[in-house]
Amino acid sequence: MSARDGVGGMGTLGRRPRFENSEFTVRIYPGSLAEGTIYCPISARKTTTAAEAIERVIERLQLDRTRCYVLAEVKEFGGEEWILNPSDCPVQRMMLWPRVALEHRPLSGGEDYRFLLRQKNLDGSIHYGGSLQMWLQVTEERRRMVERGLLPQPEGQGDHADLCCLPELNERSLLDNLRSRFRQEKIYTYVGSILIVINPFKFLPIYNPKYVKMYDNHTLGDLEPHIYAVADVAYHAMLQKERNQCIVISGESGSGKTQSTNFLIHHLTALSQKGFASGVEQIILGAGPVLEVAT
């Protein structure tokens, strides 16, 4: 669970806004109801009900509206599931979880706090659809195979990784597509060879060595949009064409230009050094603030 920056934080002069107006990210696991989706992040407030949360998941994942869904809270794999009433508030339930669970870190003793989306049968019983642990394992393996190009990319769930692929291109469809991707923690979107970045104002675990290796020597558009992909294309174009390459980063103040530059340099130095320790990256990063002041 994470509060949105500027919404749940401290206001000016130490004034704190009403907690009821703070927004949090709630991860809901749809299981086999949405194949290929591990979890669906939605925005919710303290007063957001389970019924409203379910409606947002249905809309985002484009689930079958003729079926009835319920939200369940689980505290361990294979453990008892507590079905929330439509008027229950998921965020209030999350406030009772351990801190490590709110940070999505594994707990000892097999505990694993999360919300599940379940289908309700006509007789009122809950359709569980197999083991949650087995489903998570299979889904994660499928996702890795898609990223490696061993399986085709799944059909889009209402959003497009490249705005040039929008069936109808106008201001509203463009903004709706960016908003939909951002709510799924997809902050990168292509416009052809141009990369649009929306600052999440929080760290996302998409910049580790696994991603550096994943985007190494891939054509732009083969994988999910990422700043590593832009750096990789420029690097290999430089090697193949033996010509200097230029990456232009622009945006308003606070949009994340400096951090994007750091990610670019990190990937470029990782490609050039191929994993060997070097002080080149730190020297370049250290010169960044001086160059920014000079401009």
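What to note about this one:
- Lysines whose Cα lies under 19 Å from that of LYS257, excluding same-chain neighbours fewer than 8 positions away: LYS186, LYS202
- Among the GluC sites (Glu not before Pro) within segment 151-242, those in coil by DSSP and having at most 10 neighbouring Cβ atoms inside 10 Å are GLU155, GLU168, GLU242.
- Mean Cβ neighbour count within 10 Å, used as a protection proxy, ranking 259-267, 90-98 highest first: 259-267, 90-98
- With θ taken as phi - 60° and the Karplus curve 6.51 cos²θ - 1.76 cosθ + 1.60 applied, the whole-hertz 3J(HN,Hα) list for segment 235-252 is 5, 6, 5, 5, 5, 6, 8, 6, 9, 4, 10, 9, 10, 8, 10, 9, x, 6 Hz, x standing for glycine and proline.
- At most 14 other Cβ within 10 Å, DSSP loop - trypsin sites (Lys or Arg not before Pro), segment 158-206: LYS202
- Placing R0 at 22 angstrom, the Cβ-Cβ distance between SER43 and GLU103 gives a FRET efficiency of 0.75 after rounding to 0.05.
- Here the gap between GLU55 and GLN92, fully extended at 0.36 nm per residue and compared with their Cα-Cα distance, gives a gain of 11.5 nm.
- Extending 7 Å from Cα along the Cβ direction at LEU166 and again at CYS68 yields two label points whose distance is 3.9 nm.
Throughout, read-outs are computed from the coordinates displayed, never taken from laboratory work. What you see is a predicted model; the values in this text were computed from it and never measured. Virtual Cβ from ideal backbone geometry, glycine too; neighbours counted across all protein chains shown.
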